[in-house]
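Every number here is computed from the coordinates shown, using simple stated rules; none is lab data. Treat the numbers as computed from the prediction; the structure is a model and nothing was measured.
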Amino acid sequence: GQEMRQALGTAVFFGMLGVTFFGLLFTPVFYVVCRWISERLPGGKRRAPDLAPVPEHPQPLQPAE
């Protein structure tokens, strides 16, 4: 009985440690890969077109003639 409980406890402990490590490592990687694939599929998310840059100091208005 004791040997079986110790072996099972060791397996559970290291299993939980491994799952936690792989979850912390692979979850962000899997998310980034899924986003990358979804953007390249037809009908995927489209980026907004680049707009003309806004000048920091706009030109003063000219009086109407």
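Would you calculate, for the chain, the mean residue ellipticity at 222 nm contributed by helices, counting each DSSP H stretch of 4 or more residues as -39,500 (n - 2.57) and dividing by all residues, to the nearest 500? Value at 222 nm, helices only: -22000 deg cm²/dmol. What would the Debye formula give as log10 I(q)/I(0) at q = 0.23 Å⁻¹ for the alpha-carbon point model of the chain, no solvent? Values returned for q = 0.23 Å⁻¹ are -1.00.
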